[in-house]
Amino acid sequence: NEVLDIYINKSKILRDEIKNIKNIRIDISKDLEILEFWKIGYSQNGIPAMLIDESIPFLNNRVAYYLDKIANGRYTVSFDTMSTTKSGEFRDKISVNVIDNQTKANSRVQLSGGQTRLIDIATILTLNDLQSDAQDISINILLFDEIFDSLDDNNIGYVSNVIRSLTQDRFVSIISHRHIDQIEADETFN
């Protein structure tokens, strides 16, 4: 009888342990569901992709504004989020598509150094605007190092006009090895 009581007690203990393990398994399953949700949320197709997708219309609008001021509509630049990797899978990341509306060149490698410089300036100013808009802050210091590099005099004039419009509520500093008469400077250092 004593041996039977020992086995009955062990059996109760084992049933309690099994019940406990089942409860732990249920808790782990719930935790795993939460972790899977966040794994997807922070993956390349989750929250970061959603934020990038939401910024694309703003980026396209602003870059078109700056390119109209800098290049009189000669170039069309659009930001896109879908791209393919070498293995053929789709990934969300920002890519920049460029078209020269006069020559129909549709790649940065088909453009001259001055042309890509104009597009880069418009893109930099656009990204500055995105940061200001997204963080609801005003960046009041802009520093341009050799911004006029590869630009001819006409394009320097267009870029200068855009920069001049940015100086109304900002400190703008331009570093250049070329003497630029189109920029009205408060101070010049040689």
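The values are calculated or read from the model by the stated rules, or taken from the named source; none is laboratory data. Because the structure is predicted, anything quoted here is derived from the model rather than measured. Glycine gets a Cβ as well: all are built from the backbone with ideal geometry, and neighbour counts include every protein chain shown. For accessibility, only protein heavy atoms count, side chains too; no ligands or nucleic acids. Shrake-Rupley method; radii C 1.70, N 1.55, O 1.52, S 1.80 Å.
Looking only at residues in region 104-130 that are under 12 Å from Thr76 (Cα atoms) and of a type in the set (D, E, K, R), the one that is most open to solvent (accessible area, probe 1.4 Å) is Lys104. In region 84-103, the residue that is modelled with the lowest pLDDT out of those that are open to solvent by less than 70 Å² (accessible area, probe 1.4 Å) and within 17 Å of Ala64 (Cβ to Cβ) is Ser95.
Scoring Tyr75 on the criteria (1) open to solvent by less than 40 Å² (accessible area, probe 1.4 Å); (2) at pLDDT below 90 leaves a single failure, condition (2).
So which residues in region 59-72 are open to solvent by 60 Å² or more (accessible area, probe 1.4 Å) and assigned to a helix (DSSP H, G or I), if there are any at all? Answer for region 59-72, where residues must be open to solvent by 60 Å² or more (accessible area, probe 1.4 Å) and assigned to a helix (DSSP H, G or I): Asn61, Arg62, Tyr65, Asp68, Lys69. Would you please name the residue that is nearest to the chain's Cα centre (by Cα), looking only at residues in region 44-57 that are at pLDDT 75 or above and not aliphatic (A, V, I, L, M)? Per the stated criteria, the residue is Ser55. Screening Ile147 against (1) under 25 Å from Ile99 (Cβ atoms); (2) in contact with a Ser or Thr (Cβ under 6 Å, 6 or more places away or on another chain) leaves a single unmet condition, (2).
If you go through region 144-165 and keep only what is open to solvent by less than 20 Å² (accessible area, probe 1.4 Å), of a type in the set (Ser, Thr, Tyr) and not in a helix (DSSP H, G or I), you end up with nothing.
Take Ile40 and decide whether it is within 30 Å of Thr123 (Cα to Cα) and either surrounded by 11 or more Cβ atoms within 10 Å (Cβ to Cβ) or modelled with pLDDT of 95 or more (or both). So Ile40 does not fit the description; no. The residues of region 18-58 that are in contact with a Lys or Arg (Cβ under 8 Å, 6 or more places away or on another chain) and either of a type in the set (Phe, Trp, Tyr) or part of a helix (DSSP H, G or I) (or both) amount to a single one, Ile52.
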